[in-house]
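Below is one structure, written out as structure tokens; comments come after it.
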Amino acid sequence: MKAIAVIPGKPNTTHMQDAPDPAPGPGEALVRVLRTGLCGTDGEINAGLYGQAPAGSEYLILGHENFGVVESVGSEVKGIKPGDYVVASVRRPCAECFNCLHGRADLCTSGKYTERGIKGRHGYMAERYAEAAEFLFKIDKGIREIGVLLEPMTIVEKGAAEAIEIQKRLPAKPRTALVFGAGPVGLLAAAALRVRDLDTVVMSKESDTDARAQIAQAMGCRYVSTANSPLDDLGKQMPAPDIVLECTGSSAVAFLAMRMLAAGGILCLLSVTGGDKTELVPAAEINRDLVLRNNVVFGSVNASPAHYRLAVRALKAAQKKWPGTLARLITTRLPWTEFEKWFGREVTGIKTTLEIGS
């Protein structure tokens with residue numbers, strides 16, 4: 001079969017590769033890939049910043065955001081049948097840490113987990129893959145056009161769910177939320193908060209007339225552009241939020257967000273900041289306010305099976321409340337043979353998918 005692969009650690013080596021056809025075991029399903037989503041992680045692996053091939057392989061098949069249809073199932077598979085639309089999860093547990101052994105590979109403490117298309121395990125940019133049924137999540141036909149957004153939705157669902165769980169320490173329920181960033185993750189974060197009926201502000205660098213702003217507003221969010229005003233000034237013009245989800249990848253924004261929280265408010269950091277940039281921040285003021293306001297700051301990455309199920313429900317709820325709105329995040333559907341256009345930065349927009357099957 002054909003697959004899109006990279007030689008990890010060597011920049012700009014993403015290429016079309018002949019790969020062995022998958023051979024499903026009795027507890028596995030054979031899935032034909034329909035499309036995969038492209039994100040910054042794929043670009044960073046192509047740039048040689050990280051990525052790890054499976055043991056014994058010189059290449060790594062890319063792709064962690066996925067959507068496909070089951071072609072066949074093994075004799076021991078239950079709950080999944082041929083014709084089902086599915087999304088496969090990304091992370092696989094290690095064999096030694098307590099959290100992995102109890103179904104929470106997203107909280108692995110050993111660092112020996114593997115991740116499809118990222119670390120030690122081939123991904124989904126291939127014609128087919130075989131997967132154990134426990135790592136497959138069914139997608140209703142009503143949301144098949146946005147099914148490829150499930151994996152990034154799990155990330156924000158985990159962050160939102162954990163923030164709300166932490167807020168149960170307070171007698172009052174959270175009412176207001178702020179999302180920094182209006183990329184795919186930021187807009188999905190806004191959707192996750194709005195389906196929970198939180199009054200949500202999306203703050204990002206794009207103008208008020210940008211498609212990102214329009215999508216946020218279609219979901220009932222207030223959109224605030226940072227294009228012409230300092231973030232500090234904009235923050236003073238709005239009520240302090242109970243929950244903040246930071247989705248920009250900017251360490252400067254992360255520290256600013258700490259200063260904007262309401263008393264008892266929670267900040268969830270969802271973006272990984274790279275590089276070696278040093279920020280000058282008012283450390284004493286930030287520390288004082290976090291303590292005196294009983295604030296919480298936490299980071300979140302990857303997702304558990306429970307969060308995949310939450311994300312399926314969130315996509316269905318968003319589709320019902322705002323039909324077709326989340327589909328507008330996918331601004332380019334690229335034939336997968338033209339993958340070089342995305343890696344070469346010829347494609348712009350909010351979200352690009354590679355169309356692999358029909």
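By the count of other C-beta atoms within 10 Å, a proxy for reagent exposure, 59, 308 are ordered fewest to most as 59, 308.
Within segment 5-91, the GluC sites (Glu not before Pro) that combine a DSSP coil assignment with at most 15 other C-beta atoms in a 10 angstrom radius are 58, 76. Amide H to amide H distances under 5 Å link residue 205 with 182, 226, where only residues 5 or more positions off or on other chains count and H is placed in the peptide plane.
Normalised by residue count, segment 216-300 yields a Cα convex hull volume of 120 Å³ per residue.
Legend: distances between Cα atoms for 112/158; 168/205; 2/119; 119/173; pairs beyond 27 Å are 168/205; 119/173. Counting only whole DSSP H helices of the chain, the ones at least 20 Å long by C-alpha along their axis and with mean Kyte-Doolittle hydropathy no lower than 0.0 are 150-166. Taking other Cβ atoms within 10 Å as a rough exposure proxy, 250, 75, 89 sort from fewest to most as 75, 250, 89. Peptides 146-154, 338-346 ranked from most to least packed by the mean count of surrounding Cβ atoms within 10 Å: 146-154, 338-346.
Cβ-to-Cβ counts within 10 Å put 307, 15, 102 in ascending order as 102, 15, 307, the fewest first.
One-quarter of the Cα convex hull surface for segment 166-215, in nm²? Before the final figure, lay out the partial values.
Details: hull surface 14.9 nm².
Convex hull of Cα atoms, orientation-averaged projection: 3.7 nm².
Mean-square fluctuations from a GNM of the chain, with a 10 angstrom spring cutoff on Cα atoms, peak among 296, 312, 201 at 296.
Cα-Cα pairs above 25 Å in the chain: how many percent? When all Cα pairs of the chain are counted, 54 percent exceed 25 Å. Per residue, the chain reaches -7500 deg cm²/dmol at 222 nm when only DSSP H runs of four or more residues are counted, each adding -39500 (n - 2.57). For segment 85-126, the residues whose amide N sits under 14 Å from a probe point set 7 Å from the Cα of residue 306 along the beta carbon direction are 99-100, 102-107.
Under 14 Å from a label point set 7 Å out along the Cα-to-Cβ vector of residue 316, the amide N atoms of segment 73-117 belong to 85.
Where a number appears in this text, it was derived from the coordinates with a stated rule and is not lab data. Note that the coordinates shown come from a computational prediction; the quantities given were computed from them, not determined experimentally. Backbone-built Cβ (ideal geometry, glycine too); neighbour counts: all protein chains shown.
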